[in-house]
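The values are calculated or read from the model by the stated rules, or taken from the named source; none is laboratory data. All values derive from a computational prediction rather than experimental measurement. Note: ideal-geometry Cβ built from the backbone for every residue, glycine included; neighbour counts use all protein chains shown.
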Amino acid sequence: MGRSISICALARLGLCWSFFISIAYAGAQVTTFSLPTLNDRSNSRALEIEQTRNGFLYGPGSDGQGPPSPSGPLGTAFVTADSGIVNTEAFAQLNISQHDYAAAKVAEVKYDGLKTLQDYEGLYDGEWQASAGPNGVDPGMLTNYTQDLFFSMERLSLSPFAIRRLYPVHNGLPFDIPDEVCQNITGQTIAGLLVEGRLFYIDHSAQRHLNKTPDKYVPACDAYFYISHDKGDLMPLAIRSDNEKDLIYTPLDAPNDWLLAKMMFNVNDFFFSQIHHLANTHYVADVVYQAAIRTMSRQHPVLAIISRLLYGTFGIRPLALSALIRPGAYIDQFFGITGEAAKIFANEEYYSGSAGAVRGNYFRENLRRRGLLDSSLGPAIKDFPFLEDVEPIHDAIAKFMEAFVASFYGNDAAVFGDKELQAWLVEASGPAQVIDFPNASTMKSRPELVDLLTHIAHLSSTAHHPVNTNQLLTGSATLPFHPTALYRPVPCGKGVEDVVPFLPPKEKALGMINLAANFARPRLADTDRSLVHMFDNATMLAAMNEATRRANVEFMEAMKARSEIVRNREFDAHGLSQGMPFVWKALDPNVAPWSASV
């Protein structure tokens with residue numbers, strides 16, 4: 001059993017979430033969850049929903065952009081309570097990260113002024129250990145980053161949401177590579193790679209149009225990757241630093257030019273992954289939950305499950321505004337793109353459906369849409385760590401949801417006949433403006449409800465944690481390979497002698513590492529806040545049925561077993577782990593939280 005963290009004891013506001021919301025609802029605690037009956041719409045259950053709707057309203061996005069945030073007296077109470085949860089865990093981590101930061105600054109003599117790449121690697125030598133616990137910086141992250149396989153495999157693990165396969169029927173070539181160059185790298189022309197379904201693409205060129213912060217620089221990269229014929233690995237083929245300049249780098253370039261090209265790409269890719277995750281997980285989860293609160297009784301088991309999964313969710317966007325997005329906050333300090341521009345980008349990602357669509361972003365559907373799973377053309381991806389680590393958790397969540405749904409809905413007709421559930425679908429697609437949400441014509445069966453609930457759990461865990469939370473400090477924000485801005489202008493030509501001048505100076509480097517440490521949640525590892533305990537709430541389970549309680553036990557056992565696999569992961573005889581030259585443990589169920597904690 002994991003250790004228990006008392007949120008009430010630590011809460012800045014001194015209020016426990018369940019107590020606060022029970023007061024806000026002005027109702028007694030639910031002792032037994034149940035579906036509505038034909039008579040419920042004319043009695044206390046209907047009255048409760050009406051009162052909730054009167055007090056829980058849609059207001060402007062709390063971070064100044066995106067879909068609605070809660071407003072009204074009850075909506076504000078929810079935001080206050082959730083902010084207490086989020087801020088409590090954030091302040092607890094700040095106590096750790098600020099100590100690490102102070103120690104790292106004292107040790108600055110050993111960084112030697114950050115004159116070499118090795119000096120940047122030394123930023124982590126004996127430092128940040130408390131914040132990076134329990135596993136520390138991913139093995140290989142500071143030693144193998146110059147390998148091309150390292151760079152390409154990051155697109156299939158810690159930054160998996162941008163890459164897509166190109167198809168000759170649907171896609172032209174975004175930019176060309178001379179045949180002799182492509183053949184020298186891959187053994188065939190780029191047209192041949194496209195026809196065979198071996199060509200992949202990431203496009204971050206839209207970042208060119210976003211406002212930049214002073215004294216920092218941002219490229220606008222797009223890049224090709226390919227599946228090799230010899231080993232079947234995904235490898236980098238070319239990086240274009242700006243499609244208006246048409247300067248194209250390949251592995252045939254001088255080592256410093258090619259390394260800088262990969263670093264420039266990472267500037268764009270890190271910005272994309274963080275802002276896309278804001279829209280893809282937090283925006284979607286927030287507004288789906290708001291619609292559920294306004295249409296389902298507190299007695300409804302589906303609302304109980306959603307409330308558990310989205311623990312603290314309404315407190316995250318206000319924190320993002322104050323700490324990250326507002327003028328002068330962390331994005332302005334450490335990124336090359338302004339916080340205001342980040343809001344605009346998040347809004348575009350959400351409303352375009354790329355990040356905001358619900359059904360189109362179901363776990364496997366998202367991968368299929370991008371040609372990463374079950375592709376009709378080309379070889380399958382040989383090593384896909386994101387799929388490998390998400391799939392067992394996702395399937396275990398789905399198994400729990402199947403048991404839960406079957407225990408309350410005796411048949412498919414019961415799903416269609418649940419008036420509160422159906423009202424949620426109407427509300428979400430209507431006033432809440434959720435994109436691509438199921439409706440009455442697509443939510444007629446138990447499996448369809450299982451898929452939706454599984455996706456909500458995915459948003460709060462397996463879609464979130466690979467790119468955020470602990471992963472920033474231990475992987476995707478590590479220096480020197482992952483700068484968040486350049487500190488010299490983007491080159492107009494090749495022949496760079498040293499990449500170090502493009503990297504952040506000492507104070508900026510330490511500040512960015514500290515920001516990544518602020519997002520970590522090592523205190524939640526091996527506690528009842530870990531993913532193992534996603535459904536393991538005694539109060540909630542007591543009001544559920546026996547089938548749901550048994551399903552929770554089975555889920556916990558599956559997650560404990562999965563944790564053993566991930567926690568004991570190491571390099572194989574070839575110096576690889578999951579086909580990568582670094583060891584990735586972001587989705588250890590005993591370490592990752594069961595909700596999007598930040």
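Of the residues that sit in region 191-245 and are in a helix (DSSP H, G or I) and in contact with a Pro (Cβ under 9 Å, 6 or more places away or on another chain), which one is nearest to T484 (Cα to Cα)?
Q207
Restricting to region 557-567, what's the tally of residues that are surrounded by fewer than 20 Cβ atoms within 10 Å (Cβ to Cβ) and within 13 Å of F400 (Cα to Cα)? Can you show your working first?
First pass over region 557-567, keeping only residues surrounded by fewer than 20 Cβ atoms within 10 Å (Cβ to Cβ): 557-558, 560-561, 564-565, 567.
Keeping just the survivors that are within 13 Å of F400 (Cα to Cα) gives 557-558.
So the count comes out to 2.
Could you please give the count of residues in region 106-123 that are in contact with a helix residue (DSSP H, G or I) (Cβ under 8 Å, 6 or more places away or on another chain) and at pLDDT 95 or above? Let's see the steps before the verdict.
Residues of region 106-123 in contact with a helix residue (DSSP H, G or I) (Cβ under 8 Å, 6 or more places away or on another chain): 108, 110-117, 119-120, 122-123.
So of that shortlist, the ones also at pLDDT 95 or above come out as 114-117, 119-120, 122-123.
Going through region 106-123 one residue at a time, the tally reaches 8.
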request  = Take L252 and decide whether it is of a type in the set (A, V, I, L, M), out of contact with any strand residue (DSSP E or B) (no Cβ under 6 Å at 6 or more places or on another chain), under 30 Å from A380 (Cα atoms) and in a loop (DSSP other than H, G, I, E, B).
outcome  = yes
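Name the residue, out of P301, P385, that is more than 16 Å from the chain's Cα centre (by Cα) and touching a residue at least 24 places away in the same chain (Cβ under 8 Å).
Values: P385 fails: more than 16 Å from the chain's Cα centre (by Cα).
On inspection, the qualifying residue turns out to be P301.
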note = Log entry, pairs with first residue in region 184-195 being in contact (Cβ under 8 Å) with a residue 60 or more places away in the chain, second being surrounded by 15 or more Cβ atoms within 10 Å (Cβ to Cβ) and aromatic (F, W, Y), beta carbons closer than 9 Å, six or more apart or on different chains, reads I185/Y226
key: Matching residues, region 481-532, being touching a strand residue (DSSP E or B) at 6+ places or on another chain (Cβ under 8 Å) and assigned to a helix (DSSP H, G or I)   = F502, L524, L531
task = Tell me, yes or no, whether region 538-553 has at least one residue that is buried (at least 19 other Cβ atoms within 10 Å of the Cβ) and in contact with a strand residue (DSSP E or B) (Cβ under 9 Å, 6 or more places away or on another chain).
result = no
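Yes/no per residue for (1) free of Cβ contacts under 8 Å to residues at least 24 places away in the same chain; (2) touching a strand residue (DSSP E or B) at 6+ places or on another chain (Cβ under 8 Å); (3) in a loop (DSSP other than H, G, I, E, B):
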{"position": "D536", "(1), (2), (3)": "yes, no, yes"}
{"position": "R569", "(1), (2), (3)": "yes, yes, yes"}
{"position": "A573", "(1), (2), (3)": "yes, no, yes"}
{"position": "F582", "(1), (2), (3)": "no, no, yes"}
{"position": "A596", "(1), (2), (3)": "no, no, yes"}
message = Condition check: among the hydroxyl-bearing types (S, T, Y), over 18 Å from V181 (Cα atoms), under 28 Å from the mean Cα position of the chain (by Cα) and assigned to a loop (DSSP other than H, G, I, E, B). Does T281 satisfy that?
response = no
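Does S476 satisfy the condition of being out of contact with any Phe, Trp or Tyr (no Cβ under 6 Å at 6 or more places or on another chain), in contact (Cβ under 8 Å) with a residue 40 or more places away in the chain, under 24 Å from Y124 (Cβ atoms) and small (G, A, S)? Write out each step before concluding.
Details: out of contact with any Phe, Trp or Tyr (no Cβ under 6 Å at 6 or more places or on another chain): yes; in contact (Cβ under 8 Å) with a residue 40 or more places away in the chain: yes; under 24 Å from Y124 (Cβ atoms): yes; small (G, A, S): yes.
Answer is yes for this residue.
Conditions tested, residue by residue: (1) crowded, with 19+ Cβ neighbours inside 10 Å; (2) under 25 Å from I275 (Cα atoms); (3) modelled with pLDDT of 95 or more; (4) over 20 Å from the mean Cα position of the chain (by Cα).
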residue	(1), (2), (3), (4)
D63	yes, yes, no, no
G66	yes, yes, no, no
F78	yes, yes, yes, yes
Q93	yes, yes, yes, no
I96	yes, no, yes, yes
A102	no, no, yes, yes
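Give the residues of region 179-209 that are aliphatic (A, V, I, L, M), surrounded by 17 or more Cβ atoms within 10 Å (Cβ to Cβ) and either over 24 Å from D269 (Cα atoms) or in contact with an Asp or Glu (Cβ under 9 Å, 6 or more places away or on another chain) (or both), sorted by residue number. Step through it out loud before you land on a result.
First, the residues of region 179-209 that are aliphatic (A, V, I, L, M): 181, 185, 190-191, 193-195, 199, 202, 206.
Then keep just the ones that are surrounded by 17 or more Cβ atoms within 10 Å (Cβ to Cβ); that gives 181, 185, 190, 193-194, 199, 202.
Within region 179-209, V181, I190, I202 qualify.
Give the residue, chosen from D233, D179, D242, that is closer than 30 Å to A342 by Cβ and of a type in the set (D, E).
Values: D233 fails: closer than 30 Å to A342 by Cβ; D179 fails: closer than 30 Å to A342 by Cβ.
The unique qualifying residue is D242.
Search region 291-327 for residues being in a helix (DSSP H, G or I) and basic (K, R), and hand back the single one that is surrounded by the most Cβ atoms within 10 Å (Cβ to Cβ). Give the derivation first.
We begin by selecting, within region 291-327, every residue in a helix (DSSP H, G or I); these are 291-293, 301-309, 313-325.
From what is left, the residues that are basic (K, R) are 308, 317.
On the way: R308: 19, R317: 26.
Residue satisfying both the conditions and the ranking: R317.
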